[in-house]
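Scroll down for the structure; my scribbles are underneath it.
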């Protein structure tokens, strides 16, 4: 069972790394939801096309775009 070091580091067991395809130097992201820690291997271009269904408003300036986000939150 992995143990947390004094530097708050955890070693992931090799069988779990192999199951997830995690290799030395890979980037992982961790999330805490409802007291559970989830580890996800980041993969290049995984989000490609995620927002492709949205059409950009080319006529809108950056400042207008920022203001629309700020105003929507209030």
Checklist line | Per-residue Cβ neighbour rank within 10 angstrom, fewest leading, 52, 65 | finding: 52, 65
Item checked: Gained length - residue 46 relative to residue 29, 0.36 nm times residue gap less alpha-carbon distance -> 4.8 nm
Check: Once both labels are modelled 7 Å past Cα along the beta-carbon direction, what's the residue 55-residue 17 spacing in nm?
Finding: 4.9 nm
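Read the figures in this text as sums done on the coordinates, not as results from a lab. Here the structure is a predicted model, which means the values were calculated and not measured. All Cβ positions, even for glycine, are placed from backbone atoms using ideal geometry, and neighbour counts span all protein chains on display.
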